[in-house]
Amino acid sequence: VEGGKMLDDELYDANNTIVLSDGEGGTVVFWERYINEGGYLKHDIYAQRLDRYGNELWTPGGVAVCDAVDEQGHMGVVSDGEGGYIVCWSDYRGGTYGDIYAQRLDNDGAAQWAANGIAVCSAIQNQYYNVITTVEGGGAIIAWLDYRGGSYWDVYAQRIDNSGTALWTADG
């Protein structure tokens, strides 16, 4: 609920809400949307831009940042330095192991990269607990815990530019 208004009327439950300024007196709200899909509680990521009066500026109920199969969650969001936003999250669309995905939205809520985001890291085993920070000149650095070694967790990172191109070693 923002300004007395429900942002998502089909909401089953929501978690991990992140609110950023839109730079024009309003806000952009990102949330993990939990819905019951055939008896299974599925997590997706949504966003909505509100003007200074609480009016929705994007699709009513929010735009889907990622609504791919299985789980998406533990998101982070930063400004892209050009009036838009870069969102990253842990994604389980590939099966039992989590990967790190990201999506860039412009100021109108339109996805700038592939539908449901791009893989930042899809190495073997589990990647989880990501964090994100902006980079001067655009883009972001995303870091996460990674279990690709199979016996302990390491920290990996990847820099992506505003076009979604990985600038460091593949998979971080």
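The values are calculated or read from the model by the stated rules, or taken from the named source; none is laboratory data. No experiment lies behind these values; they were computed from the predicted model shown. Please note: Cβ atoms are built from the backbone with ideal geometry, for glycine as well, and neighbour counts cover all protein chains shown. Just the protein is used for accessible areas: all its heavy atoms, side chains included, with ligands, DNA and RNA removed. Shrake-Rupley method; radii C 1.70, N 1.55, O 1.52, S 1.80 Å.
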Suppose all protein chains stay in the model; what accessible area per residue would a 1.4 Å probe give for the chain, in Å²? 48 Å²
Region 33-100: C-alpha gyration tensor shape, a/c 1.5 cut-off, then a/b vs b/c: oblate
With a point put 7 Å past each Cα toward its Cβ, work out how far Leu41 is from Asp70 in nm, to one decimal. 1.9 nm
Counting only protein heavy atoms and using a 1.4 Å probe, what share of the accessible area of the chain belongs to carbon plus sulfur, as a whole percent? 49 percent
Specify whether the C-alpha gyration tensor of region 71-134 places it in the rounded, prolate or oblate class, a ≥ b ≥ c being the square roots of the eigenvalues: rounded for a/c under 1.5, otherwise prolate if a/b is larger than b/c and oblate if not. prolate
Work through the residues other than Gly98 whose Cβ is under 9 Å from its Cβ and net out their charges, Lys, Arg +1 and Asp, Glu -1. -3
Between beta-carbons, use under 11 Å as the cut-off and find the net charge around Gly25, counting Lys and Arg +1, Asp and Glu -1. -2
In the neighbourhood of Lys42 defined by beta carbon distances under 10 Å, the net charge of the other residues (Lys, Arg +1; Asp, Glu -1) is -4
